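The values are calculated or read from the model by the stated rules, or taken from the named source; none is laboratory data. Computed from a predicted model, the values in this text were never measured in an experiment. All Cβ positions, even for glycine, are placed from backbone atoms using ideal geometry, and neighbour counts span all protein chains on display. Side chains are part of the model used for accessible areas, which takes the heavy atoms of the whole protein and leaves out ligands, DNA and RNA. Shrake-Rupley method; radii C 1.70, N 1.55, O 1.52, S 1.80 Å.
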Amino acid sequence: QVQLVESGGGLVQAGGSLRLSCAASGSIFSINAMGWYRQTPGKQRDLVATISFNGGATNYADAVKGRFTISRDNAKNTVYLQMNSLKPEDTAVYYCNLNLKILFGRYSDYWGQGTQVTVSS
């Protein structure tokens, strides 16, 4: 019923930039908060950034503050993560998370398939 498609990951040198996108499609009635998380092998999935329904409120992990920017386009049901000044420790699989309501449903969390970001030193 709902598909989340992520794109934009890849290999970049330290100091470089990448922009991740996550587009949602399907029987979507409304999308509440959107966010990005990341995970490295053997570790838990950690919050990177979140953005409120209207984009008026954002929240960032301390490790990415000042370097990453989350944004959203409600007309396209898409959330973005602009990542600048990338560091090797940013290497991880990045997942988008959308809290959304499908037609005749209730708000639930949906996850993207994950996209690999690798930062070389």
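Being under 16 Å from PHE29 (Cα atoms), more than 15 Å from the chain's Cα centre (by Cα) and not aliphatic (A, V, I, L, M) is the filter here, so list the residues in the stretch 77-103 that pass it. The one that is under 16 Å from PHE29 (Cα atoms), more than 15 Å from the chain's Cα centre (by Cα) and not aliphatic (A, V, I, L, M): LYS101. Check the stretch 89-105 and report whether any residue there is in contact with a strand residue (DSSP E or B) (Cβ under 8 Å, 6 or more places away or on another chain), within 19 Å of SER21 (Cβ to Cβ), of a type outside the set (Val, Ile, Thr) and open to solvent by 50 Å² or more (accessible area, probe 1.4 Å). So far as the stretch 89-105 goes, no, none of its residues is in contact with a strand residue (DSSP E or B) (Cβ under 8 Å, 6 or more places away or on another chain), within 19 Å of SER21 (Cβ to Cβ), of a type outside the set (Val, Ile, Thr) and open to solvent by 50 Å² or more (accessible area, probe 1.4 Å).
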